[in-house]
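Here the structure comes first, spelled out in structure tokens, and everything after it is commentary.
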Amino acid sequence: KQSIEDFLQRQPALLHQIQAQAKAPLQDATAVNATRWALFNALKATGLPVETASGGRTKFNRTRLDIPKTHALDAACVGAVDQVRDWNRPVLSIRATGRGAYSRTRTFNNGFPRGYLMREKRVQGFQTGDWVRAEVPTGQKAGVHVGRVAIRRTGSFNVQTPGGTVAGISHRYCRLLQRADGYGYTIQTKPVTEDARRAA
């Protein structure tokens, strides 16, 4: 029954944070709600079966079916769901990585240059973001490494694999599998829960 000022009189920082949040405008939430209902009405007008559900319903389904919380599995538990079979499968994860930058200068926070990039985006026919297979015959890095390549002017590249980054692989051992298209692709062999993603 107390006012928030009385309840948090010994925690002025928390009181200030809550009061500032209460005064924040809600135009973002309003825009999302308006867009959501416009999308729902447009889909309903097509005559296709359309169903809406709350986040609470999704959590209920996931808990009832004993399925871990992931982005992909949440999508499978939306709405009226009796059962979900074979959910423990590999998932293709796609992340936007970009195609590089026009600026060839790295700067400090104040805008002064701290380093310069190569003018050419390719070295020995490879570009950062290409998907490559590197077969290293000998040495500490011997083996087959498949992943996204980061090029260096020297021709000694880094390959980002699911197991980590392997640095200092010569371009001579690399074979192009796919040109860079602005996205990074990884296969998650088992569901990665939200807790594990935060810990990483």
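The values are calculated or read from the model by the stated rules, or taken from the named source; none is laboratory data. Because the structure is a prediction, the values reported are computed rather than measured. Here the Cβ is made from the backbone with ideal geometry for all residues, glycine too, and neighbour counts use every protein chain on show. Areas reflect the complete protein model, heavy atoms only, side chains present, ligands, DNA and RNA absent. Shrake-Rupley method; radii C 1.70, N 1.55, O 1.52, S 1.80 Å.
Here are some notes:
- Yes/no for residue 35 being farther than 30 Å from residue 190 by Cβ and either outside the structural domain of residue 172 (by the TED database) or of a type outside the set (S, T, N, Q) (or both): yes
- The set of residues in the stretch 1-57 being over 30 Å from residue 73 (Cβ atoms) and among the charged types (D, E, K, R) consists of 1, 5, 6, 10, 23.
- Those residues of the stretch 95-105 which are open to solvent by 100 Å² or more (accessible area, probe 1.4 Å) and part of a strand (DSSP E or B), in sequence order: 95
- Any hit, the stretch 33-45, residues being basic (Lys, Arg), open to solvent by 60 Å² or more (accessible area, probe 1.4 Å), modelled with pLDDT of 90 or more and over 24 Å from the mean Cα position of the chain (by Cα): yes
- Considering only residues in the stretch 67-87 that are assigned to a loop (DSSP other than H, G, I, E, B) and open to solvent by 100 Å² or more (accessible area, probe 1.4 Å), the one that is nearest to residue 178 (Cα to Cα) turns out to be 86.
- A count restricted to the stretch 97-110 and to residues that are at pLDDT 90 or above and aliphatic (A, V, I, L, M) stands at 0.
- A single member of 175, 148, 119 is open to solvent by less than 100 Å² (accessible area, probe 1.4 Å) and either assigned to a strand (DSSP E or B) or over 30 Å from residue 60 (Cβ atoms) (or both), and it is 148.
- Of all residues in the stretch 178-191, those being in a strand (DSSP E or B) and open to solvent by 70 Å² or more (accessible area, probe 1.4 Å) number 3.
- Yes/no for residue 180 being among the small types (Gly, Ala, Ser) and without any contact (Cβ under 8 Å) to a residue 60 or more places away in the chain: no
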